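Since the structure comes first, as structure tokens, the remarks are kept for the end.
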Amino acid sequence: MTLAKRKNQTRRRFLTTTAAAGAVAPTFIPARVMGFGGAVPPSDMIRLAGIGIESRGTTVLQTMLPHPDVRFVAIADVRADRRKAVKEMADQRNGDTQCDTYRDFREMLERDDIDAVLIATGDRWHAPASMLAAEAGKDVYSEKPCAISIDLAGRLADTIHRTGRIFQCGTQRRSNSNFIHAIELARTGKLGNLHTLHASIYSLRDSHDWLPAQPEPDPAVIDWDMWLGPAPWRPYNEAYVMKGQWRGYYDFDSGARLLDWGAHTLDLCQAAAGADGTTPVEYEPLDVAGDNVIQCTYANGVKLILRSTGWLGLGTCPVRFEGDEGWVETGDTGRIAVSLDSLRADLPAPTIRGGMPTNHTRNFLDCVKSRGRTTTNEDIMRSSHIACHAAAIAWKLNRKLTFDPSTEMFVGDNEANRMRSRAARQPWAV
Amino acid sequence: MARIDHFRALFLALCFSVIASLGLLAQDSPTGTPASLVTVLTSPDASVFEKAKACERLAIFGDERSVPALADLLTDDKLSSYARDALEAIPGEASDAALRDAIAHLEGDRLIDVLASIGVRRDAQAVGVIAALLRSDDEATAAAAARSLGRIGSPQAADELQKMLSEATAGSGITLANACMVCIQQLAKQGRVKDAVTLYDAIEAADLPASIKSKATYNIILAQGDDGLPKLIELLETDDESNFRLALQAIRHLKIDASPELQALFHTVSPERQVLLLQSLEELGNETALPTVMKAAQAEDSAVRMQAIRALATVGNETAVPLLLEVGAESDEELAETARSILAALPFGGIDTAILSRLTSDDIATQQMAIDVAAQRRIAEASATLFQLAASDDDTTRKEAINALAATVRMEHLADFISMVMKEQRSLGDVAMRSALTAACVRMPQEGCAKKLTVELATAPPTAKKLLLEQLVSVGGATALETVVSAARSNDPTMQDEATRLLGEWLTADAAPALLDLATMLTERKYQIRALRGCIRIARQLNMTPKERMDICRKTLAIASRPEDKALVLDVLKRHPSREGLQLAEALLEDPELRATAQPAIRLIKEKVGEASVTERGL
């Protein structure tokens, strides 16, 4: 029996599958035929649990709960108030009081009646929690950034492969029609030969400070040690936990905040360039006053510019794709701007705001059932996250770096390579 | 006493220089050497914070001479992970040796720490000493040792794991097998597939749960690639459900075109398995699967049928079109909607002809299908019929036809469409008609569309003017801008209100001069402020040259009278720092109401303007 390697994706396949992503109702497939390694769900219902659900997690969860094939059965959170709030939301939806609560998500993962988990902690926890969940046989929807270092992005993808789990990175813009359309214009040659992609990022900040120490709370109310998790020890301050002020700290955030938007926008550029599975090979911070501009270059010479300013007013998370015959720019308002009237002919009207993961979460749920590959699976996450981290390291060192996507190492720069990973505090070195 | 004070002063001076070197003081360039950082680590007076920061810096710049001081921190509950971060990163034998040596002196979590770090460094020399811990009485230590060997992933590590498999208990077996699978993955990455297969064989032979063995089989197929195909075929033909699914999942990951084999199996398996096979056939997209898929699309089992229809998206050709047209008009909404979306995406011209002929079908379901697909395919030739349908007495048909026209109408009929939408605003709903008009306008040539809207605006009833102004914003361009600015200048308060609001959302910077002008010429204070703020928004957010931005800021400051508006300009100057902007900001120091806001802004601009000298950031 001879089996040939599958040919590359054709344009038709791209168009039909992306069209289906936006337009086709989810396929209902009896769960009795799905599952992996014996983990067949006991009914057609996907039994979902959550780890660390606060504001963003709640938005994501609210797009999952209304589906009739989802039952949210348990929440694990280091904060008692969040456990209570999420349980109330789930119980209200389920019409009972049976949503279980856990302080330590490891206990929750031991249950064999949970099919999938939604992970929306802070960046420090996303990869270790995802890996532990996958090892425990759960499928994973992880908010972005999914990994706090180059090394962890790779190891997370390896773990998903090894365990055969379904993984969706919470970069939902790939499932939203305006971004899909912009990518299609780039991929189908309507902009001519693509030469420059632009991705918006936050202004970068990388603090190594600690906030002043405060008395640690009762772990039953806020489990500080568990909140820190794999991050190195530091004294408690409630602002980290209660006010979201962990952002911008090296120990907790990803790539000096570059991945906050970059995980989305660079990922969209990867799709537009047809670069999933690889990364740019050069990263050069440019000297532009008032902006953190990083110029990345793919092996074929296409440029990818990361910048925070100078966009049309199309909303947050804008991207722009430029070819030698035209350009397209879009953002979270759903509106699309193009350079030529000829590019306007098929423009979709704005339908969904960029932050809403409605299509994206449904895609995940469908793949939990079908065992198919999600829109932003572990391999797509791996390359776009690694590219983001490489850009952030170039910005931190303030010098041009060369990167080898095949080894996921910088070329000829030991200091940059030493920034590829971080040690995890025990017992979280998964 | 004096001597102690002297030492303390010297130490503090040292700490200060080290902290400065760490970049903890704003914008200071790091100058600390690894030796000075080691001094901090060994000082009894240095705080936990100072030692932690020294470790962070040594992780990037430390060398072998830093290793002993770092290794001493491996017993420290607070600093162990900081020290490991550096030890994991520092190249060379010294770090490996320090971590290996630490095994003998550590226990509990700190020992587990070190085992993890050795795994990260993949220190093959540590295999022997770690293997001894596989038999540790402490379960957590034994598990950490197994994980560490898995990550090292050398043939020797594989041997040690393999030896333990035969001794594994029910509890330890799963942990050990998982470590083996990490090892298989590592071996495969190194091209040591033979070693990986040996380890896999040991898992197969061990007393382990079937689910673990299934995972191992999946992993070895991925590791072997083409050589794993016989095993994959075996799995496809197995009675075991989980193994069957494993085989399909492996096909996905290995990207193998197994269409002929999947088709051969298709008629021998249950409907549940047929659904899975159809999904795989859809992903593979090989048109040779079409006969199988077409037959399945007429199956009795609804799940099989649905998946077959979906598969036509990639394996279908012209011969599938009649079936899709039929299914697209069925009463099962989900199935029909799927068929229509496939019809919309397939690249066959014959579909357009078929749809056009069905637009006038007597059968309502067929007609609705045709309207929907005409819209999705943007069939311009459908417009004439759709205009007729849009005059229907039936609200549903009328609404569907107008929505379809939004996707199909051409420029020459845009005026008719605008009139129709305005007329239907009341009966079909404002929101629905606004969406339809936006959907049409965003597709049109920019200037032509703006001119049509401008013409309609002149004679539109008051209730429709707002709707038309909104479309001009969606369309953009010079004519649209001119029209909206004219509306803002008009004597009609409703138009003024709407137009000044919309100008505040303009997408391009060419609205700035008009907004500056409006800010001075409009008489209503509310609209003056709105125009001014619209102008500041443009300077803050939109794309333009630094010179253009400064020009807007200067002119805005010249006409702004309220401190809060001037503060917004300061924010722009802060966000886009430049030497010219600095001068503008410094001029605001003279304003007593702005001094407190201006001072920190000026400091920040100065820092940013001088940032070119920074060699590293945040390190």
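The values are calculated or read from the model by the stated rules, or taken from the named source; none is laboratory data. Just so we're clear, the structure is a prediction, and the values are computed from it rather than from any experiment. Note that we place each Cβ from the backbone using ideal geometry, even for glycine, and neighbour counts take in every protein chain shown.
How many residues does the range A:340-358 hold that are more than 18 Å from residue B:438 (Cβ to Cβ), surrounded by fewer than 22 Cβ atoms within 10 Å (Cβ to Cβ) and more than 10 Å from every other protein chain (Cβ to nearest Cβ)?
Total meeting the criteria: 3.
Quick one: is residue B:263 more than 7 Å from every other protein chain (Cβ to nearest Cβ), crowded, with 23+ Cβ neighbours inside 10 Å and closer than 23 Å to residue B:323 by Cα?
When the stated conditions are applied, residue B:263 does not pass them.
All but one of (1) over 30 Å from residue B:431 (Cα atoms); (2) among the small types (Gly, Ala, Ser); (3) not in a helix (DSSP H, G or I) hold for residue A:345, so report the exception by its number.
Evaluating residue A:345 over (1) over 30 Å from residue B:431 (Cα atoms); (2) among the small types (Gly, Ala, Ser); (3) not in a helix (DSSP H, G or I) leaves (1) as the failure.
Of the residues A:379, A:366, which single one is farther than 26 Å from residue A:230 by Cβ and either part of a helix (DSSP H, G or I) or of a type in the set (S, T, N, Q) (or both)?
Only one candidate passes the filter, namely A:366.
Anything in the range B:274-320 that is in a loop (DSSP other than H, G, I, E, B) and either touching a strand residue (DSSP E or B) at 6+ places or on another chain (Cβ under 7 Å) or at the interface with chain A (Cβ under 8 Å from one of its Cβ atoms) (or both)? List them, or say none.
Matches in the range B:274-320: B:285, B:286.
So, residue A:370, is that one surrounded by fewer than 21 Cβ atoms within 10 Å (Cβ to Cβ), in contact (Cβ under 8 Å) with a residue 24 or more places away in the chain, within 14 Å of another protein chain (Cβ to nearest Cβ) and not charged (D, E, K, R) or not?
No: the conditions fail for residue A:370.
Any idea which of A:407, A:402 is among the β-branched types (Val, Ile, Thr), surrounded by fewer than 19 Cβ atoms within 10 Å (Cβ to Cβ) and within 14 Å of chain B (Cβ to nearest Cβ)?
A:407
Would you point out the residue of the range B:336-366, among those that are among the charged types (D, E, K, R) and within 14 Å of residue B:379 (Cβ to Cβ), that is nearest to the other protein chains (Cβ to nearest Cβ)?
That would be B:340.
Among the residues of the range B:75-94, is there at least one that is buried (at least 21 other Cβ atoms within 10 Å of the Cβ) and more than 22 Å from residue B:49 (Cα to Cα)?
No.
Please work out which residue is nearest to residue A:401 (Cα to Cα), limiting yourself to the range A:284-298 and to residues that are within 14 Å of chain B (Cβ to nearest Cβ) and free of Cβ contacts under 8 Å to residues at least 24 places away in the same chain.
Here the residue is A:286.
Within the range A:220-303, which helices (runs of 4 or more DSSP H) (wholly inside it) include 1 or more residues that are touching a strand residue (DSSP E or B) at 6+ places or on another chain (Cβ under 9 Å) and of a type in the set (S, T, N, Q)?
It comes to A:258-272.
Looking at the range B:363-400 only, could you name the residues that are within 17 Å of residue B:341 (Cβ to Cβ), of a type in the set (A, V, I, L, M, F, W, C) and surrounded by 21 or more Cβ atoms within 10 Å (Cβ to Cβ)?
Answer for the range B:363-400, where residues must be within 17 Å of residue B:341 (Cβ to Cβ), of a type in the set (A, V, I, L, M, F, W, C) and surrounded by 21 or more Cβ atoms within 10 Å (Cβ to Cβ): B:369, B:370, B:371, B:373, B:374, B:375, B:379.
Suppose we filter the range B:504-529 for residues that are aliphatic (A, V, I, L, M) and within 14 Å of another protein chain (Cβ to nearest Cβ); how many remain?
So the answer is 5.
Sort out which residues of the range B:270-290 are touching a residue at least 12 places away in the same chain (Cβ under 8 Å) and surrounded by fewer than 16 Cβ atoms within 10 Å (Cβ to Cβ), and write them in order of number.
B:287, B:288
Taking the options A:420, A:425, A:320, A:382, name whichever one is touching a residue at least 12 places away in the same chain (Cβ under 8 Å), of a type in the set (D, E, K, R), on the phi < 0 side of the Ramachandran plot and away from chain B (no Cβ under 11 Å).
A:382
Could you say which residue among A:121, A:171, A:163 is modelled with pLDDT of 95 or more, farther than 15 Å from residue A:49 by Cα and hydroxyl-bearing (Ser, Thr, Tyr)?
Among A:121, A:171, A:163, only A:171 is modelled with pLDDT of 95 or more, farther than 15 Å from residue A:49 by Cα and hydroxyl-bearing (Ser, Thr, Tyr).
What is the residue count in the range B:338-351 for residues that are part of a helix (DSSP H, G or I) and surrounded by 16 or more Cβ atoms within 10 Å (Cβ to Cβ)?
Number satisfying all stated conditions: 9.
Does residue A:253 count as within 11 Å of another protein chain (Cβ to nearest Cβ), surrounded by fewer than 19 Cβ atoms within 10 Å (Cβ to Cβ) and on the phi < 0 side of the Ramachandran plot?
no
In this structure, does residue A:312 turn out to be within 22 Å of residue B:549 (Cβ to Cβ), touching a residue at least 24 places away in the same chain (Cβ under 8 Å), more than 14 Å from every other protein chain (Cβ to nearest Cβ) and of a type outside the set (S, T, N, Q)?
Here the answer is no, as residue A:312 does not meet what is asked.
Does residue B:333 satisfy the condition of being in contact (Cβ under 8 Å) with a residue 24 or more places away in the chain and within 11 Å of chain A (Cβ to nearest Cβ)?
Against the criterion (in contact (Cβ under 8 Å) with a residue 24 or more places away in the chain and within 11 Å of chain A (Cβ to nearest Cβ)), residue B:333 does not qualify.
Picking from A:134, A:147, which residue would you name as being at pLDDT 95 or above, touching a His at 6+ places or on another chain (Cβ under 6 Å) and farther than 15 Å from residue A:52 by Cβ?
A:147
Could you list, ordered by first residue, the pairs with Cβ atoms under 6 Å in which the first is in the range B:207-220 and facing another protein chain (nearest Cβ under 7 Å) and the second is in a helix (DSSP H, G or I) and among the hydroxyl-bearing types (Ser, Thr, Tyr), at least 6 apart or interchain?
Listed by first residue and then by second, the contacts come to B:214/B:242.
Could you check the range B:196-218 and list, in sequence order, the residues that are assigned to a helix (DSSP H, G or I), acidic (Asp, Glu) and touching a helix residue (DSSP H, G or I) at 6+ places or on another chain (Cβ under 8 Å)?
Within the range B:196-218, just B:204 meets the criteria.
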